[in-house]
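Encoded as structure tokens, the structure appears first; notes follow it.
Any read-out appearing in this document is the output of simple, stated calculations on the displayed coordinates, not a laboratory observation. Quick caveat: nothing in here was measured; it's all calculated off a predicted structure. Neighbour counts are summed over all protein chains in view; Cβ atoms, including those assigned to glycine, are modelled from backbone coordinates with ideal geometry.
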């Protein structure tokens, strides 16, 4: 079966609007659950904001890190890797190994842990 | 000592270590900072009533840990909250007695401060954020103080710090000293941040105030700390030597009227002898460890120039050779311009001007003030009054610092007076 990636774009919002969006969480769950029930769901997760991004580029053999996204109109989203790493350093090291880092950019965005979503304290005490 | 004096002393000497350890245990900068701040407030309230404890640092450590436990209980969004809470509570119950009696293990605190330094200067953070975080967590400067030092509005600086802390937490920037293979590059980043702090204090980029002493002192404190924590890394000593040698001349760089005094015209009596000696001693240590890194090369250059200023004759040939070495280790327009000047001063102004020529053709350096200042000076020396006047005018346009501007205007006037036809 062919696979499709759904890329979710949204304008950045302030804290109040952010809270409004989180209030829609049940709606998200409903959609996700129905996709799971239909057997088409592979994975999904919210990302931390672009301010938590690090852009990795390799130029002249040197690895360069930039705080934030590297957004230019000339570069297009060409693919993705989803990695599970102990920390950011491990993810950045992997990013620098990808050939795209040499002629484009690899943006490393942390994925939110579903257990740490606002209002969901599954850690307990 | 009064309660205030003990608090100030404890804040200066022990806060960074206490904070560093608590950050490791909590995995969260903001929470740890808040808890340490609470602990100092508790101390201020408690000590004047109950008396100053025998070991103030240990008292603060325990108080900060308890405040952290309270805050952790109320905060939902911390990763591994339950695990961290259990660990802190265990420490509080078991280690309490011991830590009240003795200072927390010195080695652990030293390691934590080093971890803190590497995390604050992590390359995934913007350099401006690295500087702010370092000054705030290791230096104990308030956001307002950092904002004023860097001529940034306080809310802007506040946002920068908050955002950096958030990224450390969200993206899981690790809290550790990098492994051997990454260490040289990462240490270089840390040293550059400390040097940036020093330079910002040493040469104000704008405004009338030439020296912002507190930034210089903070940077030297950080350089001392790094050389203590990583004594085998030559460059930690190189940076310490460089900052001490520059800072020793602080009192001689500006005259009574506030005018900038160049090195060759400085009253060496005004140099801080103790700092000069400490700087030389750090430089010897760096040179023994070897490696010819950028900071020890720069410190060696500063030492030779200062010897020369005292004796009346700078060994420009050695300075030019050191700049040559520096140009291969850490090439930059700054180094290239200084190298050209040293070559010119060593007896061949034409060779110096030849080294400047490619830089003057580089459009990206059109607004680089030191390039034009050096160009003007070398043209003046070879007697090209017309060229010098033009170059001085260009330099003055590019100079924000009022003190330096006045000195350049004086030199321009000298050339114009000596050769009225050329102007």
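Hey, got the average number of other protein chain Cβ atoms within 10 angstrom for residues in B:137-147?
Mean shielding by partner chains, rounded to a whole number: 0.
If the elastic network links every pair of Cα atoms under 10 Å, which of B:26, B:270, B:353 fluctuates the most in the Gaussian network model of chain B?
Evaluated over chain B, the most mobile residue of the options is B:270.
Compute the long axis of helix B:3-26 from its Cα atoms, compare it with the longest principal axis of the Cα atoms of chain B, and write down the angle in degrees, 0 to 90, nearest 10.
Its long axis makes an angle of about 80 degrees.
Among B:278, B:41, B:233, which one shows the biggest mean-square fluctuation in a GNM of chain B, springs joining Cα atoms closer than 10 Å?
Highest fluctuation among the options: B:41.
Can you give me the angle between helix A:25-37 and the longest principal axis of chain A, using Cα atoms only, in degrees from 0 to 90, rounded to the nearest 10?
For helix A:25-37, the angle is close to 80 degrees.
Can you compute the helix-only [θ] at 222 nm over the protein assembly as shown? Use -39500 (n - 2.57) per DSSP H run of at least 4 residues, normalise by all residues, nearest 500 deg cm²/dmol. Present the calculation step by step, with values, prior to reporting the outcome.
Values: 24 runs with 340 residues, N = 548.
Mean residue ellipticity, 222 nm, calculated: -20000 deg cm²/dmol.
List the relative contact order of the stretch A:41-81 as a percent without decimals, with contacts defined as Cα pairs under 8 Å and 6+ residues apart.
Answer for the stretch A:41-81 is 31 percent.
Extending each Cα 7 Å along its Cβ direction at residue A:43 and residue B:274, get the distance between those two points in nm, one decimal.
Reported label-point gap for residue A:43 and residue B:274 is 6.0 nm.
With a 10 Å radius around each residue's Cβ, average the other Cβ atoms per peptide and rank B:364-371, A:12-19, B:310-317, highest first. Write down the numbers at each step before the final one.
Details: B:364-371: 15.4, A:12-19: 9.8, B:310-317: 13.8.
The most tightly packed comes first, giving B:364-371, B:310-317, A:12-19.
Using alpha carbon centroids, what distance separates the stretch B:150-188 and the stretch B:260-280, in Å?
So the separation of the two Cα centres works out to 35 Å.
In peptide B:164-170, how many Cβ atoms from other protein chains are near each Cβ within 10 Å, on average?
Values: counts 2, 0, 4, 10, 2, 3, 12.
Average neighbour count from other chains, rounded to a whole number: 5.
In degrees, nearest 10, range 0 to 90: what is the angle between the Cα axis of helix B:127-137 and the longest Cα principal axis of chain B?
50 degrees
Which shape class, rounded, prolate or oblate, goes with the stretch B:104-160 when its Cα gyration tensor gives a ≥ b ≥ c as root eigenvalues, a/c under 1.5 marks rounded, and past that a/b bigger than b/c marks prolate?
Taking the square roots of the gyration eigenvalues as a ≥ b ≥ c, the stretch B:104-160 is oblate.
Find the centroid of the Cα atoms in the stretch A:85-107 and in the stretch A:1-73, then give the distance between the two in whole Å.
Comparing the Cα centres of the stretch A:85-107 and the stretch A:1-73, I get a distance of 17 Å.
Mark the label point 7 Å from the Cα of residue B:357 along Cα→Cβ and return the residues of the stretch B:377-394 whose backbone N is within less than 16 Å of it.
Those under the cut-off are B:379.
Using Cβ contacts closer than 10 Å as the measure, can you line up B:78, B:197 from fewest to most?
Ordered from fewest to most neighbouring Cβ atoms within 10 Å, B:78, B:197 come out as B:78, B:197.
For peptide B:117-130, what's the mean number of Cβ atoms from other chains within 10 Å of each residue's Cβ? Let's see the in-between values first.
Values: counts 0, 0, 0, 0, 0, 6, 8, 14, 3, 4, 1, 1, 1, 1.
Per residue, the number of nearby Cβ atoms from other chains is 3 on average.
Determine the distance separating the Cα centre of the stretch B:293-308 from the Cα centre of the stretch B:13-42; give it in Å without decimals.
After rounding, the separation between the Cα centres reads 38 Å.
Taking chain B as a Gaussian network, Cα atoms linked when under 10 Å apart, which of B:25, B:410, B:136 shows the biggest mean-square fluctuation?
B:410
Need one number: nm distance between label points at residue B:397 and residue A:28, each 7 Å from Cα along Cα→Cβ, rounded to one decimal.
5.4 nm
Could you give the nm distance between label points at residue B:199 and residue A:77, where each point is 7 Å from its Cα heading toward the beta carbon?
Inter-label distance under the simple model: 3.9 nm.
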